[in-house]
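The values are calculated or read from the model by the stated rules, or taken from the named source; none is laboratory data. Keep in mind the model is a prediction, meaning the values are calculated, not measured. Reconstructed Cβ throughout: ideal geometry from the backbone, glycine too, with neighbour counts over all protein chains shown.
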Amino acid sequence: MNEQQKHLQQLVKPTTKEHVERLQQLHDETTYEPPNLKKARKRLKKDVDIHYDFEIPEDMRQIGDNQTYYIRTYGCQMNEHDTEVMAGLLSRMGYTEVSEMREADVILLNTCAIRENAENKVFGELGHLKPIKKENPDVIIGICGCMSQEEGVVHRIMQKHPFVDMIFGTHNIHHLPSLLKEAMFQKAMVVEVWSKEGDIIENLPKQRKGKLKAWVNIMYGCDKFCTYCIVPYTRGKERSRLPEDVIEEVKQLQREGYKEVTLLGQNVNAYGKDLPFDYGLGNLLDELRQIDIPRIRFTTSHPRDFDDHLIDVLAKGGNLLDHIHLPVQSGSSDILRVMARRHTRDDYLTLVKKIKAKMPDVTLTTDIIVGFPNETDEQFEETLSLVEAVGFEHAFTFIYSPREGTPAARWQDETPENVKKERLQRLNSLVNKQSKVAMDRYIGEVVDVLIEGESRKDPNVLAGYTKRNKLVNLKASKSLIGEIVPVRITHAKTWSLYGELVTE
Ligand code: SAH
Ligand code: SF4
Ligand code: F3S
């Protein structure tokens, strides 16, 4: 324990039984209000406040000196990026990162609630954490991320995993320093989860994982409420960062030598809708493309809000890449209607046509759910035919997983599990076939590859990505790491390409 920690403990250490009870009572009154999915559903018109004055409380600035942290991240890029923010906060408090969970003084699980198996992984990990806590009672264990926003999960952790020191939600990340302080000096579990979204906090520190590729949030939350999806409940209402704040962050990344940024939001096409002036994703990209950073991506798009202006801006090319991830979820208009996707099969195909007309080389990828409640064989066949019609080169495919609190979870579902599994297999083999055809087309072509480092499988091979996000392996000098170089493709597998550096 360092001097500051001792001092803090002096200040807050309970001395008498009464004092302990009072602290407990205070804690119950102030920090524990269970998350509430019904409240999380309400959308208020109230403007979101943007704060530029975040600071780590003074008494926490050296609390982590000589201490370590470990964060395990589950889920999407948004969670990965939240982890970078929490890592930034912890390092400003003096903590250093370790690669082994067992060696850490603070362990955080940044969780995902999108499907049941995502949650099961976290509960499995909690089983492993119990002996770690037993061996070292001073270690602080925290659960955060989307699962913390679910009331059922919070109750289960409180009852079955009482060794957890703190649970905090996706809207409470900026409170990590004070939550950590409470957890250190309090006997009871610290729980702070707001059902209502918080404001936008602009100047949180970030410890980015990479030096070449960076994530930039452009908006938070989702207002679409697709009937199967938990995200609008766990991430709150749509709220956009101001364009100038996004532009400044990208400029800063460019100054730091980053080669690629990915703009993040659950539904990036809704960017700007909540701003008090007329401005959308197309306008933002039109400004960002003028920054001298080689590659700009964005994810995830929603077909409903993909407007013509955006297509026109994307068609200008340059650092705006011609890869669009455009989740369709199903090829059946009936299923799309009960999913509340707000687009039909025809709407989607018309949009794809428009995009291809202006961006002839575009690569389209997607997300698909099979086995939505009572999906028929014919409806599933419509999904297969849509996959063929669009020519997706990749798709993330999932079996529908009921999420407590969402409308679809209450619906009776007659489709047997083995039928759903068969559908998933058929879909995957079609997608894989299309992926291989797309990869084969690259043989003989020269593509620009951002070399990221050694291949995971072979340290003598370098690996990187093309503009259209294809993994390329090649043998070349390690001095090329961080560069964008021309590579001639010599052969192709389903998920990766192999090639040679073009030197002349
Ligand atoms: N905001 C993005 C993606 C959100 S989650 C979008 O709207 O496209 C990523 C993917 O998980 C979704 O596109 C969907 O295909 C899948 N997904 C979401 N909820 C699911 C559920 N309950 N069961 C199975 N898959 C789900
Ligand atoms: Fe979920 Fe639909 Fe929002 Fe995507 S658009 S996050 S699938 S509710
Ligand atoms: Fe999972 Fe939350 Fe992302 S539920 S997919 S981590 S927004």
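The C-beta contact set for region 226-246 (first residue without any contact (Cβ under 8 Å) to a residue 60 or more places away in the chain, second residue of a type in the set (Gly, Ala, Ser) and within 16 Å of ligand 3 (Cβ to nearest atom), distance under 9 angstrom, 6+ apart or interchain) comprises 238/221; 238/265; 238/270; 240/265; 240/270. Within region 396-415, the residues that satisfy the criterion of being in contact with a Ser or Thr (Cβ under 8 Å, 6 or more places away or on another chain) and either within 16 Å of ligand 3 (Cβ to nearest atom) or closer than 16 Å to residue 112 by Cα (or both) are 396, 406, 408.
Of everything in region 255-276, what is farther than 20 Å from residue 77 by Cα and in contact with a Pro (Cβ under 9 Å, 6 or more places away or on another chain)? Give them in sequence order.
Hits for region 255-276 are 272, 275.
Just wondering, is there one or more residues in region 119-139 that are touching a Ser or Thr at 6+ places or on another chain (Cβ under 6 Å) and not β-branched (Val, Ile, Thr)? Scanning region 119-139, I find no residue that is touching a Ser or Thr at 6+ places or on another chain (Cβ under 6 Å) and not β-branched (Val, Ile, Thr), so the answer is no.
What about residue 173, is it away from ligand 3 (no atom under 16 Å from the Cβ), closer than 24 Å to residue 262 by Cβ and not assigned by TED's automatic domain parsing to the domain that holds residue 464? Step through it out loud before you land on a result.
Numbers: away from ligand 3 (no atom under 16 Å from the Cβ): no; closer than 24 Å to residue 262 by Cβ: yes; not assigned by TED's automatic domain parsing to the domain that holds residue 464: yes.
So residue 173 fails the test.
The requirement of being modelled with pLDDT under 95, more than 30 Å from the chain's Cα centre (by Cα) and of a type outside the set (D, E, K, R) is satisfied by residue 5. Can you spot a residue in region 325-346 that is out of contact with any helix residue (DSSP H, G or I) (no Cβ under 8 Å at 6 or more places or on another chain), free of Cβ contacts under 8 Å to residues at least 12 places away in the same chain and outside the structural domain of residue 148 (by TED's automatic domain parsing)? Within region 325-346, one or more residues are out of contact with any helix residue (DSSP H, G or I) (no Cβ under 8 Å at 6 or more places or on another chain), free of Cβ contacts under 8 Å to residues at least 12 places away in the same chain and outside the structural domain of residue 148 (by TED's automatic domain parsing). For region 221-261, the tally of residues that are within 14 Å of ligand 3 (Cβ to nearest atom) and among the polar types (S, T, N, Q) stands at 1.
Kindly establish whether residue 141 is in contact with a Leu (Cβ under 8 Å, 6 or more places away or on another chain) and not assigned by TED's automatic domain parsing to the domain that holds residue 222.
Values: in contact with a Leu (Cβ under 8 Å, 6 or more places away or on another chain): yes; not assigned by TED's automatic domain parsing to the domain that holds residue 222: yes.
Yes: the conditions hold for residue 141.
Residues in region 358-371 that are closer than 20 Å to residue 441 by Cα and away from ligand 1 (no atom under 16 Å from the Cβ): 359, 360, 361, 362, 363. In region 388-401, the residues that are in contact (Cβ under 8 Å) with a residue 40 or more places away in the chain and of a type in the set (S, T, N, Q) form Cβ pairs under 9 Å with partners that are within 16 Å of ligand 3 (Cβ to nearest atom) and not in a loop (DSSP other than H, G, I, E, B), at six or more places apart or across chains, as follows: 401/116; 401/117; 401/118; 401/369.
Out of 349, 336, one residue alone is more than 12 Å from ligand 2 (Cβ to nearest atom) and among the hydrophobic types (A, V, I, L, M, F, W, C). It is 349. The C-beta contact set for region 437-453 (first residue under 25 Å from residue 212 (Cα atoms), second residue hydroxyl-bearing (Ser, Thr, Tyr) and surrounded by fewer than 18 Cβ atoms within 10 Å (Cβ to Cβ), distance under 8 angstrom, 6+ apart or interchain) comprises 439/494; 439/496.
Consider region 246-297 and keep the residues that are aliphatic (A, V, I, L, M) and assigned to a loop (DSSP other than H, G, I, E, B). The one that is surrounded by the most Cβ atoms within 10 Å (Cβ to Cβ) is 293.
Just to be sure I understand, how many residues within region 97-146 are among the β-branched types (Val, Ile, Thr), out of contact with any strand residue (DSSP E or B) (no Cβ under 7 Å at 6 or more places or on another chain) and within 16 Å of ligand 1 (Cβ to nearest atom)? Quick ask: steps written out before the conclusion?
As a first pass, look at region 97-146 and keep what is among the β-branched types (Val, Ile, Thr): 98, 106-107, 111, 114, 122, 132, 139-141, 143.
So of that shortlist, the ones also out of contact with any strand residue (DSSP E or B) (no Cβ under 7 Å at 6 or more places or on another chain) come out as 114, 132.
Those left that are additionally within 16 Å of ligand 1 (Cβ to nearest atom): 114.
The total comes to 1.
Among the residues of region 60-119, write down those that are assigned to a helix (DSSP H, G or I), among the charged types (D, E, K, R) and within 16 Å of ligand 3 (Cβ to nearest atom). Selection gives 80, 82, 84, 116, 119. Of the residues making up region 226-245, those that are over 18 Å from residue 298 (Cα atoms), of a type outside the set (D, E, K, R) and assigned to a loop (DSSP other than H, G, I, E, B) are 226, 227, 228, 229, 230, 236.
Examine region 246-265 for a residue that is within 25 Å of residue 337 (Cα to Cα) and either assigned by TED's automatic domain parsing to the domain that holds residue 89 or at pLDDT 95 or above (or both), and state whether such a residue exists. Within region 246-265, one or more residues are within 25 Å of residue 337 (Cα to Cα) and either assigned by TED's automatic domain parsing to the domain that holds residue 89 or at pLDDT 95 or above (or both). Taking region 122-164 as the range and being part of a helix (DSSP H, G or I), crowded, with 17+ Cβ neighbours inside 10 Å and within 16 Å of ligand 3 (Cβ to nearest atom) as the test, the residues that pass are 122, 146, 147, 148, 149, 151, 153, 154. Checked against (1) under 27 Å from the mean Cα position of the chain (by Cα); (2) outside any helix (DSSP H, G or I); (3) free of Cβ contacts under 8 Å to residues at least 12 places away in the same chain, residue 360 passes all but a single condition, namely (1).
Mind listing whichever residues of region 207-244 are away from ligand 1 (no atom under 16 Å from the Cβ), among the charged types (D, E, K, R) and surrounded by fewer than 20 Cβ atoms within 10 Å (Cβ to Cβ)?
At the first step, the residues of region 207-244 found to be away from ligand 1 (no atom under 16 Å from the Cβ) are 207-214, 216, 241-244.
Restricting the remaining residues to those that are among the charged types (D, E, K, R) gives 208-209, 211, 213, 241, 244.
Listed by number, the residues that qualify are 208, 209, 211, 213, 244.
Within region 363-381, the set of residues being part of a loop (DSSP other than H, G, I, E, B) and touching a residue at least 40 places away in the same chain (Cβ under 8 Å) comprises 371, 372, 373, 374, 375.
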